[in-house]
Amino acid sequence: MFIFAHRTMANTVFRKVTATTTLVPKHREGQHMSSHSSVIVLTCLVALLTGTLVAAAAGYLARRDHASYPTAITRAAVAFAATLTFATALATALHTATGQ
C-alpha cells in the first residue's frame with residue numbers, strides 16, 4: 001500500500017507502507033507541544049467527555065421517565081450544553097484566578 005508523504009508543499013512523494021512502517025513523524029526542532037498547551041487540550045477533552053456522559057445519562061433518565069424520543073434528545077442536548085457552559089465558566093475563572 002502507498003500513501004502520500006508530504007515533504008514540502010511542492011515536493012510530494014509516495015511512501016511504501018508495510019506492517020513495520022512507523023507512521024508517527026520524527027520529532028523536529030520547534031515542533032513540540034508545550035505543557036501548557038497539553039493541559040488545555042486534555043482539559044477540553046475531559047470537558048467533552050463529561051458533557052457526553054451527562055447528556056447520555058439525561059437522555060436515558062428521560063426515556064425511563066416515559067418521555068418521547070424527541071423530548072429525551074432535547075433534554076440530553078440541554079444537559080450537554082449546560083455542562084460545557086459550566087466547564088467553560090470554571091476554566092475561565094481558574095485562568096483568571098491564576099493570572100496566566
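Please specify each residue of the range 57-66 satisfying the condition of being open to solvent by less than 60 Å² (accessible area, probe 1.4 Å) and out of contact with any helix residue (DSSP H, G or I) (no Cβ under 7 Å at 6 or more places or on another chain). Steps first, please.
Restricting attention to the range 57-66, the residues satisfying the condition of being open to solvent by less than 60 Å² (accessible area, probe 1.4 Å) are 57-59, 62.
Correct list: ALA57 only.
Return a yes/no flag: does the range 36-56 have any residue that is more than 21 Å from the chain's Cα centre (by Cα), open to solvent by less than 70 Å² (accessible area, probe 1.4 Å) and at pLDDT 85 or above.
Taking the range 36-56 and keeping what is more than 21 Å from the chain's Cα centre (by Cα), we get none.
No, the range 36-56 has no match at all.
In a residue-by-residue description of the range 52-67, the property of being without any contact (Cβ under 8 Å) to a residue 40 or more places away in the chain, of a type in the set (Val, Ile, Thr) and over 30 Å from SER37 (Cα atoms) applies to no position.
The values are calculated or read from the model by the stated rules, or taken from the named source; none is laboratory data. Everything numeric in this text was worked out from a predicted model, so none of it was measured. Note: ideal-geometry Cβ built from the backbone for every residue, glycine included; neighbour counts use all protein chains shown. Note: areas computed on protein heavy atoms with side chains; ligands, DNA, RNA excluded. Shrake-Rupley method; radii C 1.70, N 1.55, O 1.52, S 1.80 Å.
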